[in-house]
1. Just checking, how many residues over region 39-57 are loosely packed, with under 12 Cβ neighbours inside 10 Å and either in contact with a Leu (Cβ under 9 Å, 6 or more places away or on another chain) or in a helix (DSSP H, G or I) (or both)?
2. Criterion first (without any contact (Cβ under 8 Å) to a residue 24 or more places away in the chain, among the hydrophobic types (A, V, I, L, M, F, W, C) and surrounded by 11 or more Cβ atoms within 10 Å (Cβ to Cβ)) does Ile16 satisfy it?
3. Anything in region 1-13 that is surrounded by 10 or more Cβ atoms within 10 Å (Cβ to Cβ) and under 10 Å from the mean Cα position of the chain (by Cα)? List them, or say none.
4. Hey, could you check region 19-38 for residues that are within 17 Å of Ser2 (Cα to Cα) and in contact (Cβ under 8 Å) with a residue 24 or more places away in the chain and say which is surrounded by the fewest Cβ atoms within 10 Å (Cβ to Cβ)?
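Rule-based calculations on the coordinates, nothing more; no lab input. This is a predicted model, so every value here is computed, not measured. Backbone-built Cβ (ideal geometry, glycine too); neighbour counts: all protein chains shown.
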Amino acid sequence: VSSGAQGTYKDMEISIKHTKRLNDRLHAMFVEKTGQPEHVVDQWFDRDHWFTAEEAKDNGIIDDIV
């Protein structure tokens, strides 16, 4: 999950908490959908991660390539 914030430090703390909550939920969805172990999905979430269509299919992120 990518986000941005501005304002007071309290505003930014709220944005960080919200972004972390969304990131954790998305991480759990990836583990559930792909069947990959958490440590594999963790690597995808360390930073921006790009997949080819074939890599996405091989990793269970997508079902088919059209």
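1. Quick first cut of region 39-57, residues loosely packed, with under 12 Cβ neighbours inside 10 Å only: 39, 43, 46-50, 52, 54.
Then keep just the ones that are either in contact with a Leu (Cβ under 9 Å, 6 or more places away or on another chain) or in a helix (DSSP H, G or I) (or both); that gives 39, 43, 54.
Number satisfying all stated conditions: 3.
2. Yes, satisfied.
3. Of everything in region 1-13, just one residue is surrounded by 10 or more Cβ atoms within 10 Å (Cβ to Cβ) and under 10 Å from the mean Cα position of the chain (by Cα), namely Val1.
4. Leu26
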